[in-house]
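Please read the structure below before turning to the comments.
What follows draws every value from the coordinates through simple rules; no lab data is involved. Just so it is clear, the structure is predicted and the values come from calculations on it, not from any experiment. FYI the Cβ positions are ideal-geometry reconstructions off the backbone, even for glycines, and counts take in every protein chain you see.
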Amino acid sequence: MSHGYGKADHVVRMDPMDAVFMMAEQLSNPLHIAALLIMTPPEDAGPRFVDDLHRSSLAAVGKLDPRLRRRPHQGLDTGGTWVWRDVDHLDASQQMLRRTLPPDSGQEELWRLISEVHAAPLDRSRPMWESYLIDGFDDNRFALYVKVHHSVMDGLAGFRLIEKSLSSDPDRRSMPPLFTELPTEPIAHTAAGSGLFPNPISLARSGLGVAAATVTFLRRLVEGEVSNLVEGLTGDATLPFGAPYTRFNGPLGRDRAVAAVSMSKARLRAVQNAAGATGNDVTTALAAGVLRYWLTAHDELPSQSLVAICPITLRARESGSEDGHANAFGAVMCPLGTDLTEPAERLALIHKAMTEAKRHVATWGSGPSLLVAAPNIAPTVLLPQVPFTPKVRPGFNLPISNTPGPRTEMYWNGAHVDELYPISAIYDGIGLNITLCSYADRVGFGYVAGRDMMPDIETLIPLTERALSDLEIAVGVKS
């Protein structure tokens, strides 16, 4: 079967960590990340507006980022080494796909389709990415779903490419497809250096840079200072094997379940100001409330607090490259207070834990914090892949991460971007992932889980509203 590729004219040895991703995927679960944009066509759009967008995207395939014009390869000719091999003639119709939902479809049908395509692994005989233009739901809205293998780029690099392909000008037309090589206009970023921490796999990549910090780490270990770091980064509840076992920490099935919801940034900021917390503290506490409600409804709430692995971005402090491979973040284990009844107490616990963790990571840098996190990550990710492994306490229960998106309303060829959601990766031992992305005046909560683990993932949507409402009442901004 032909895939429309000509003879490769350029071969690049794959980064060692990217090669690990390729091998790991053969043994475990797909390791791609994704983004979903839900859009409304402009008022002057014709009846075939989405078809025209798809056709123009196919025609502009030559403008794609070079990383999306190569495929992975391993064989006798490479001595068993993984390499990237450029392709001369990329068959865009196999990369940029088109779907129309059945008549009278809504958000439920859209998310069912997204769950299906997110579960499917990428074809290694082609460049490791796909996009889907989807219409036929909510009357005239359409969506663009893009997924990219983690070996091609990380979440930060992917979101930056998407942002560069959008415009704040609603009258702009003839725009290239997303993931183009060159930026089309400056990005409306928030604080410099903030970025997406999609999943704990990113820690492995950053671990390549930890060696530079090891000498300092060992020196301070001899000086007896590391105990203070461990205490600040973990706390009593998050030592290795310190989180309670939940259904999310076992082997992962084949199918995926995806759901998302946007919350008002003004409402979140009101809670933040009333509680004297940060925005990340509030969204983490909101996620904690959702988990408590859902586990309680299923009679599975542990008596001990769940633990999340959370990023602490250091790009403003440590220089980092634009390719997303820089060791520019720390990782901390944050108790979520799911054992606490009062939402305000959960928020206070999270605020205290993250404040202390940020202080320690800022002092030590990312390297030592990753070394401290390693004993929590290894058993959580690796043990569920071993056959007949007993249910052991994991180092953490799930990742919760937050990335800033565009500050202003954005458009693609006149179509307004209504909602923007990250959809991260899950794997054995980490069967639930919550990733957030701010956009204009709202924050999108992206939930992805194993279908067997959370068959009713859509119930998280009303639980998100309930958790926010309870927080508002708890801190006094709502009666």
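Side notes on the structure shown:
- Taking 0.36 nm per residue of separation and subtracting the Cα-Cα distance, full extension of the segment from SER56 to ASP441 would add 135.6 nm.
- If you sort the three axes of the alpha carbon gyration tensor as a ≥ b ≥ c, you get a/c of 1.5 or more for segment 98-168 and a/b no higher than b/c, which makes it oblate.
- Relative contact order, percent, segment 90-182 [alpha-carbon distance under 8 Å, six or more residues apart]: 25 percent
- Close amide H pairs (under 5 Å, H built 1.01 Å from N) link GLY414 with ARG172, residues at least 5 positions away or on another chain.
- Listed pairs LYS147/LYS478; LYS164/LYS358; LYS352/LYS478; LYS147/LYS265; LYS63/LYS147; LYS164/LYS265 exceeding 28 Å between Cα atoms: LYS147/LYS478; LYS164/LYS358
- The modelled label-to-label distance between SER93 and ARG359, using points 7 Å beyond Cα along the C-beta direction, is 6.3 nm.
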